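Asks: Structure provided below as structure tokens; questions to follow.
The values are calculated or read from the model by the stated rules, or taken from the named source; none is laboratory data. The model shown is predicted, which means the values in this text are computed figures rather than measured ones. Here the Cβ positions follow ideal geometry from the backbone for every residue, glycine too, while neighbour counts run over all protein chains shown. Quick note on the areas: whole protein, heavy atoms, side chains included, nothing else; ligands and nucleic acids left out. Shrake-Rupley method; radii C 1.70, N 1.55, O 1.52, S 1.80 Å.
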Amino acid sequence: MILLMLSITAGRAQVFIVKGKVTMPDSLNIMFGNGVNKIDTLIASNGYFELKGNLTHPDLYTIVFQDKHQLRNYLKKDIFIESGEITVDCDFRKRLLTVNLQNNNTNQAYLEYRTRL
């Protein structure tokens, strides 16, 4: 019975929300992908953007902020996404990109792994 319940809950889609604030919104592409496929290209409205999606399990994604006029000028961060809300703050002029993942144990384990590696 326990295995049946675990398999049912494991197969359910988990909702995630990425919300963010960015400087230079008119000249930036904001791309979100999983390393193989580009999932979405976001548009900032008055410096803010939002993306909602579903996952069946935590997965590694990349968020990229790229200058439309100088494609080699970009900031990117790899993060493990799982259900919940993620906030992103990008100050492109100062080259700062911070991501806050609340209660995200998978990303914390990933960061510890990268530090040790």
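Asks: For the chain, give the share of DSSP beta bridges that are antiparallel, in percent and rounded to the nearest 5; count only bridges with both residues there.
Replies: Around 80 percent antiparallel, to the nearest 5.
Asks: To the nearest 10 degrees, how steeply does helix 105-116 sit against the main Cα axis of the chain, on a 0 to 90 scale?
Replies: With rounding to tens, the tilt is 70 degrees.
Asks: While we're here: Report Rg(Cα)/(2.2 N^0.38 Å) for the stretch 57-117, keeping two decimals.
Replies: 1.24
Asks: Any idea of the accessible area per residue across the chain, 1.4 Å probe, to the nearest Å²?
Replies: So the chain comes to 68 Å² accessible per residue, rounded to a whole number.
Asks: So, one more: How high is the relative contact order of the chain? Use alpha-carbon pairs under 8 Å, at least six apart in sequence, and give a whole percent.
Replies: Reported relative contact order: 26 percent.
Asks: Can you list residues whose amide H is under 5 Å from Asp40's amide H, if they're 5+ apart or on another chain and H is modeled 1.01 Å from N?
Replies: Placed amide hydrogens put Phe32 under 5 Å from Asp40.
Asks: If you don't mind, there's one more thing I want to ask. With a cut-off of at most 13 other beta carbons within 10 Å, and DSSP calling the residue loop, which trypsin sites (Lys or Arg not before Pro) in the stretch 46-117 qualify? Please list them.
Replies: Lys68, Arg72, Arg93, Lys94, Arg95
Asks: For a quick check: with amide H placed at 1.01 Å from N, whose amide H comes under 5 Å from Gln14's, ignoring anything fewer than 5 positions away on the same chain?
Replies: Leu55, Thr56
Asks: Taking R0 as 25 Å, what FRET efficiency do you get between Thr41 and Thr115 from their Cβ-Cβ distance, rounded to the nearest 0.05?
Replies: Efficiency, rounded to the nearest 0.05: 0.20.
Asks: Per DSSP H run of n ≥ 4, the term is -39500 (n - 2.57); total these for the chain, divide by its residue number, and report the mean residue ellipticity at 222 nm rounded to 500 deg cm²/dmol.
Replies: -5500 deg cm²/dmol
Asks: Provide the per-residue ³J(HN,Hα) series for the stretch 83-92, in order, calculated from phi with Karplus coefficients 6.51, -1.76, 1.60 and θ = phi - 60°, each as a whole number of Hz, with x at glycine and proline positions.
Replies: Using θ = phi - 60°, the values come out as 4, x, 9, 10, 10, 10, 10, 10, 9, 5 Hz.
Asks: Percent of accessible area on the chain owned by carbon and sulfur, 1.4 Å probe?
Replies: 52 percent
Asks: Could you give me the ³J(HN,Hα) list for the stretch 41-47, computed from phi with Karplus coefficients 6.51, -1.76, 1.60 and θ = phi - 60°, whole Hz, x at Gly and Pro?
Replies: Taking θ as phi minus 60°, the curve returns 10, 9, 10, 7, 10, 6, x Hz for the stretch 41-47.
Asks: May I ask you to evaluate 6.51 cos²θ - 1.76 cosθ + 1.60, the Karplus curve with θ = phi - 60°, for each residue of the stretch 60-70 and list the ³J(HN,Hα) values in order in whole Hz, giving x for glycine and proline?
Replies: Result, ordered by residue: 7, 10, 10, 10, 10, 10, 10, 5, 5, 8, 10 Hz.
Asks: Once you have the alpha carbon radius of gyration of the chain, what is it after dividing by 2.2 N^0.38 Å, with N set to its residue count?
Replies: Ratio of Rg to 2.2 N^0.38 Å for the chain: 1.18.
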